[in-house]
Amino acid sequence: MTRIDRRLLFTTGAAAALLAASGLSPERAPRSGGRLRLAVPRAGGSLDAVMRGAVFDTMTEIAPDGTLRPELATAWQGSEDARRWQFDLREGVTFHDGRAFGAGDVVASLHPREMPVPVSRIEATGPHRVLIELAQANPHLPYLLADPELVIAPGGDAAQQIGTGAYQRRSFTEGRHFKGTRVTRHYKDGQAGWADTIEVTVIPDAGVRAEALRDGYVDVAALPRPAGLRGRGAFTYHPSEAHMDIAAHQGVGVPRVIGARGAMDDGRIAERWWLV
């Protein structure tokens, strides 16, 4: 088999180097603590996307700059014809209910009929190793496995909202509210999952979301325009004031690069943003 991508390692030193390269000042550097509160619209699935990104992990993750990095899969090899793929899985990971994560959970979660490419078989070849055989060649499989719909759950049962993500669900009301608390001793400690608590509230009206942000009831809001905010406080607009999707208080730490493939920083806002 030919290695298509290499194992990526994250260390505190590497994170410091990345911070220096990003241009973020030390006072804006990621830090732990606090409660990050978000206001999202009812339409577009933002509530579910943020909840899923906080609670669950996928095999791989696409960073905001578009690069591929490991999540529950730490390394992978593809055959010369890009049909047989061997994935090494992260060891020592547990689900939020204490169950150990392993290859059987990946096999149960990645249903061949729901995969983005035709799959011949998915099987465990070891406690932390999985083989995925495709019906036809596809060199992009590691990228495709970063699809936020392809979450890994214990025994494949995602309905219980128990995952291996940086946040454990504390409460969830369909279409209204989600609250999660940071998992202690998580494998992403020091690189993601900064806030102690994440709260997401659905507010259908954009004007009311702007008012909630302006009056300090939330820290971040999904907004199509800065109406109601100009001259009423210090806010940051993303990607820009003229073409905005998100507004935040300047007391919110924001990564230098924000994922633009989906709402709320690709649904990973709970992991990636922090309170200054």
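The values are calculated or read from the model by the stated rules, or taken from the named source; none is laboratory data. Since this is a predicted model, take the numbers as computed values, not measurements. Here Cβ is always computed from backbone atoms with ideal geometry, including for glycine, and neighbour counts include all displayed protein chains. Just the protein is used for accessible areas: all its heavy atoms, side chains included, with ligands, DNA and RNA removed. Shrake-Rupley method; radii C 1.70, N 1.55, O 1.52, S 1.80 Å.
Could you give the dipole magnitude of the range 35-125 about its Cα centre, charging the beta-carbon of Lys and Arg +1 and that of Asp and Glu -1, in debye to the nearest 20?
Numbers: 11 positive and 13 negative charges, 79 e Å.
Once rounded to the nearest 20, the dipole reads 380 debye.
Any chance you could check the Cα centroid distance between the range 217-239 and the range 105-126 for me, in angstrom?
So the separation of the two Cα centres works out to 42 Å.
What figure, in Å² to the nearest 10, do you get for the accessible area of residue 237 with a 1.4 Å probe and non-protein molecules left out?
About 40 Å², ignoring ligands and nucleic acids.
Short version: ³J(HN,Hα) in whole Hz for each residue of the range 50-64, in order, from phi by Karplus 6.51 cos²θ - 1.76 cosθ + 1.60 (θ = phi - 60°), x for Gly and Pro, what are they?
For the range 50-64, the Karplus curve yields 5, 4, 4, x, 7, 8, 10, 10, 10, 5, 10, 9, 9, 5, x Hz.
What ³J(HN,Hα) values, in whole Hz, does the Karplus curve 6.51 cos²θ - 1.76 cosθ + 1.60 give for the range 270-276 when θ = phi - 60°, with x put for Gly and Pro?
Result, ordered by residue: 4, 7, 8, 9, 8, 9, 6 Hz.
Once you list every other residue whose beta carbon is under 11 Å from the beta carbon of residue 217, what net charge do they have if Lys and Arg are +1 and Asp and Glu are -1?
Details: positive: 37, 209, 214; negative: 199, 211, 215, 219.
Residues near residue 217 contribute -1 overall.
With an 8 Å Cα cut-off and a minimum separation of 6 or more residues, compute the relative contact order for the chain in percent.
On the way: 597 pairs, mean separation 72.2, N = 276.
The value is 26 percent.
Would you calculate the separation in nanometres between label points at residue 171 and residue 117, each defined as 7 Å from the Cα along the Cα-to-beta-carbon direction?
4.4 nm
Can you pull the one-decimal nm distance between simple spin-label points at residue 31 and residue 63, each 7 Å off the Cα toward Cβ?
Rounded to a tenth, the inter-label distance reads 2.4 nm.
Rank by packing, highest mean first: peptides 87-93, 215-221, 195-201, with packing defined as the count of other Cβ atoms within 10 Å averaged across residues. Show your work: numbers first, answer last.
Numbers: 87-93: 17.3, 215-221: 19.0, 195-201: 21.4.
Descending mean neighbour count gives 195-201, 215-221, 87-93.
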